[in-house]
Amino acid sequence: MPFNTALTRALGIKVPVVQGGMQWVGYAELASAVSNAGGLGILTALTQPTPEDLRKEIRRCRRMTPNPFGVNLTLLPALVPPDYGAYAQVIIDEGIRIVETAGNSPGPVIKKLKAADCIVLHKCTTIRHAASAAKMGVDFLSIDGFECAGHVGEHDLTNFILLSRARQSLGVPFIASGGFADGHGLAAALSLGAEGINMGTRFMCTVEAPIHNNIKEAIVQAQETDTELVLRRWKNTSRLFANKVAKEAVKVERESKEGKFEEIAPFVSGKRGRQVFLNGDKDYGVWTAGQVIGLIHDIPTCDTLVKRIEREAIETMRKTSSLVTGEDAVPRPGGGAALGQNVNNPEAELYGVGKAKL
Ligand SMILES: Cc1cc2nc3c(=O)[nH]c(=O)nc-3n(C[C@H](O)[C@H](O)[C@H](O)COP(=O)(O)O)c2cc1C
């Protein structure tokens, strides 16, 4: 077991990589594949129409992996909210030990889960929310940077700032979420003080993700600039794949004089978004994706992906530590590398970057 972090120890997993909850994606096929690969797979409770269906899905997942897996419970504002208490009760009754919570006013649900001795990972996009979740007794914070898919929050803080703020000011271990796709990212997150990473979009683009292959291909073709932020006007900003509908939604949002939610509602319909994953028409409705789409170039199995991340992270950390070669070898001004020679990134020389910086 090469990794030994607070996350791997607490969850009993081999690689500190979590597959975040994903509406209409987080079914047993994906969660079990991630857990079988040595990470933590997570079922998404609200993909199941009732708590009883969630019970069946948990049992199905258990038949597909002997390894630990978790359940995500997302609390979002709704005219008729789901019975969160009943979903939480099924999670507890089915012996799930690891729960990812997200969304608004999670206090009562976290209290219930902690009373049942669950390990709670709470996802948040601000340090203020993270600190209040820490007070509620969560075990890990999952810090979701502005790069992430879905609800990015209203402060637009990327992970470079958020993760260091988490390290400086939260007394609770945390994992890094948003913008991760490979082992370089995992190594960077560990360097910034995280105990592991959480990935959504990258896991959507795997063989086992139970969505239409056209959508996975659309992710492979996409660039990091191909996302849109919608619903900012209503302080419920979501990062979506920049398809025709999302672009139209942004236009309506910007141009509407009255700013009535009803004007944009047909464009951001969750029902049509769900159909996208089934019919493979990427423009049929809006769907969630993070800026990390620009870093995704293939559709591997979860096993291949998790093993690759593990290998790359170890190689990256070894390479980074080899840059420190002992007291005598610390470069002195005017000594060591020739002026203009970029020793850490030799490729930069090709473009003259090293010299230009001098
Ligand atoms: C298709 C999709 C659906 C998602 N649905 C949920 C959800 O229901 N609840 C939740 O907490 N997070 C949800 N997320 C966010 C992920 O759990 C994760 O935090 C996010 O994807 C991390 O950013 P990344 O995509 O850059 O890895 C979703 C993400 C995607 C891509």
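Just so you know, the Rg over Rh for the chain is 1.00, from Cα atoms, with Rh as the Kirkwood radius.
Treating the angle as unsigned and between 0 and 90°, give the value, to the nearest 10°, between the Cα long axis of helix 270-279 and the longest Cα principal axis of the chain. Taking Cα atoms only, the helix is inclined about 70 degrees.
Counting beta carbons within 10 Å around each of PHE261, PHE3 and listing the fewest first gives the order PHE261, PHE3.
One way to sum up the overall shape of segment 159-209 is the equivalent ellipsoid from its Cα gyration tensor, whose semi-axes run 23, 10, 8 Å, largest first.
Lys and Arg at +1, Asp and Glu at -1: add these up for the other residues within a Cβ distance under 14 Å of ALA133 and post the number. Computed value for this residue: +2. If you line up the long axis of helix 159-169 against the longest principal axis of the chain, both from Cα atoms, how many degrees apart are they, to the nearest 10? Compared with the principal axis, the helix lies near 90 degrees. Remark: for residue pairs LYS14/LYS247; LYS56/LYS123; LYS271/LYS307; LYS123/LYS271; LYS244/LYS319; LYS56/LYS251, the C-alpha separation exceeds 32 Å in LYS14/LYS247; LYS271/LYS307; LYS244/LYS319; LYS56/LYS251. Packing, taken as the mean count of other beta carbons within 10 Å per residue, orders the peptides 98-111, 54-67, 140-153 from highest to lowest as 140-153, 98-111, 54-67. A Förster radius of 45 Å, combined with the Cβ-Cβ distance separating SER269 from THR304, puts the computed FRET efficiency at roughly 0.85. What percent of all Cα-Cα pairs in segment 214-279 falls into each 5 Å bin, going from 0 up to the bin containing the maximum distance? Histogram of Cα-Cα distances, whole percents per bin: 4, 16, 27, 25, 16, 9, 4, 1.
The angle between the Cα long axis of helix 51-64 and the main principal axis of the chain comes to about 50°, on a 0 to 90 degree scale. The alpha-carbon atoms of segment 172-283, seen along their principal axes, cover 46, 33, 23 angstrom, with the largest extent given first.
Every number here is computed from the coordinates shown, using simple stated rules; none is lab data. In this text the structure is predicted, and so the values were computed from the model without any measurement. Using ideal geometry, Cβ is built from the backbone for each residue, glycine included, and neighbour counts are taken over all protein chains shown.
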